[in-house]
1. Anything in the range 199-214 that is surrounded by fewer than 17 Cβ atoms within 10 Å (Cβ to Cβ), in contact (Cβ under 8 Å) with a residue 24 or more places away in the chain and not in a helix (DSSP H, G or I)? List them, or say none.
2. Looking at T54, T17, T96, T104, which is the one that is modelled with pLDDT of 90 or more and surrounded by fewer than 18 Cβ atoms within 10 Å (Cβ to Cβ)?
3. Take E154 and decide whether it is in contact (Cβ under 8 Å) with a residue 60 or more places away in the chain and out of contact with any strand residue (DSSP E or B) (no Cβ under 9 Å at 6 or more places or on another chain).
4. Out of curiosity, is R89 part of a helix (DSSP H, G or I), in contact with a helix residue (DSSP H, G or I) (Cβ under 6 Å, 6 or more places away or on another chain) and modelled with pLDDT under 95?
5. Which of the residues belonging to the range 140-167 are of a type in the set (D, E, K, R), surrounded by 15 or more Cβ atoms within 10 Å (Cβ to Cβ) and assigned to a loop (DSSP other than H, G, I, E, B)?
6. Pick from the range 57-88 the residues that are in contact with a Gly (Cβ under 8 Å, 6 or more places away or on another chain) and either among the polar types (S, T, N, Q) or closer than 23 Å to L125 by Cβ (or both): which of them is surrounded by the fewest Cβ atoms within 10 Å (Cβ to Cβ)?
7. Check the range 117-132 and report whether any residue there is free of Cβ contacts under 8 Å to residues at least 12 places away in the same chain, under 14 Å from the mean Cα position of the chain (by Cα), assigned to a helix (DSSP H, G or I) and farther than 22 Å from V15 by Cβ.
8. With the requirement that a residue be touching a residue at least 24 places away in the same chain (Cβ under 8 Å), assigned to a helix (DSSP H, G or I) and among the hydrophobic types (A, V, I, L, M, F, W, C), what does the range 36-72 give you?
Amino acid sequence: MRVVPEFRARPQDLVITLLGAYLPARDQAVWSGGLVRLLGELGFSTAAARMALTRLVGRDLLSRVRDGRRIHYRVTPRCAALLREGDERIFALGRTPRRAEDWTVLWHALPDERRTERGRLARRLRFLGFGNVQDATWIAAHDREREVAALLGELDIAAYAGLLVGRPAGSLDFAGLARRAWDFDDLAARYRGFVETFGPYADTAARRIDERDAFLLRTQLAHVFRAFPFLDPELPADVMTPPEHRGTAVALFHRLFAGLRAPAQRHFDAAVA
């Protein structure tokens, strides 16, 4: 079987995908050499793989654990929290119709010396379904007060931000504002591309498949799909119709991700033990 071609990813991001997909026990330590080998199978050099692991340690997402002459890695509490948050968004995406609910508006005035926090805030807001209306103003079609308040506290920037939860005025065309915050044409194209790329493998899980190929395909599937929570705000139907191909893409992801689980997990476990 030929695995999905033209797979592009940053090695740091791919390590997070691996840990999220194959490490249900978040406190489990995994051998560094095994992670390097798996990243090699996914197209990265040994140097690039080791540099990615080092940088993840520097970002407080991994910690090193020495066992004799071997180095193992374990996810940090911060990384474990991000993986839990990721699971909630990834596996809930597109599963149930969104009902009209309160929206969240965030605005901030971060000083120039807090550029690092600004970047981290933007990445986390997009993962929570926020769109950027204009500089330093974000909206989400959900009540995200709890998550955003926790995020502002974690980044120590609450003093520079304002937060509002409420319903949009029905007298105005809110869909027009939403189109400024999110690129729905690009989103539909990405869902279509996902279906075209992985659709030919829809029946793969029902056949006997080499464990390495199962690992490569499932990892690529998970890594590509995990981008959608950053892109899809899941707006209520009364504001915007769901993106074309989303339903097909979601069903395809869950079918393959579950169907390939056993052989892919065996390949991962054999490498990092």
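1. Listed by number, the residues that qualify are A202, D210.
2. Details: T17 fails: surrounded by fewer than 18 Cβ atoms within 10 Å (Cβ to Cβ); T96 fails: modelled with pLDDT of 90 or more; T104 fails: surrounded by fewer than 18 Cβ atoms within 10 Å (Cβ to Cβ).
Only one candidate qualifies: T54.
3. Numbers: in contact (Cβ under 8 Å) with a residue 60 or more places away in the chain: no; out of contact with any strand residue (DSSP E or B) (no Cβ under 9 Å at 6 or more places or on another chain): yes.
So E154 does not fit the description; no.
4. Values: part of a helix (DSSP H, G or I): yes; in contact with a helix residue (DSSP H, G or I) (Cβ under 6 Å, 6 or more places away or on another chain): yes; modelled with pLDDT under 95: yes.
Yes.
5. Just the residues of the range 140-167 that are of a type in the set (D, E, K, R), to begin with: 143-147, 154, 156, 167.
With the extra rule that they be surrounded by 15 or more Cβ atoms within 10 Å (Cβ to Cβ), the set shrinks to 144, 147, 154.
Hit for the range 140-167 is R144, nothing else.
6. Among them, the one singled out is D87.
7. No, the range 117-132 contains no residue that is free of Cβ contacts under 8 Å to residues at least 12 places away in the same chain, under 14 Å from the mean Cα position of the chain (by Cα), assigned to a helix (DSSP H, G or I) and farther than 22 Å from V15 by Cβ.
8. Once the filter is applied, which keeps residues that are touching a residue at least 24 places away in the same chain (Cβ under 8 Å), assigned to a helix (DSSP H, G or I) and among the hydrophobic types (A, V, I, L, M, F, W, C), the range 36-72 yields L38, L39, A48, A49, M51, A52, L53, L56.
The values are calculated or read from the model by the stated rules, or taken from the named source; none is laboratory data. All of these numbers come straight from a predicted model, not from anything done at the bench. In this analysis, Cβ positions are derived from the backbone assuming ideal geometry, glycine residues included, and neighbour counts consider all displayed protein chains.
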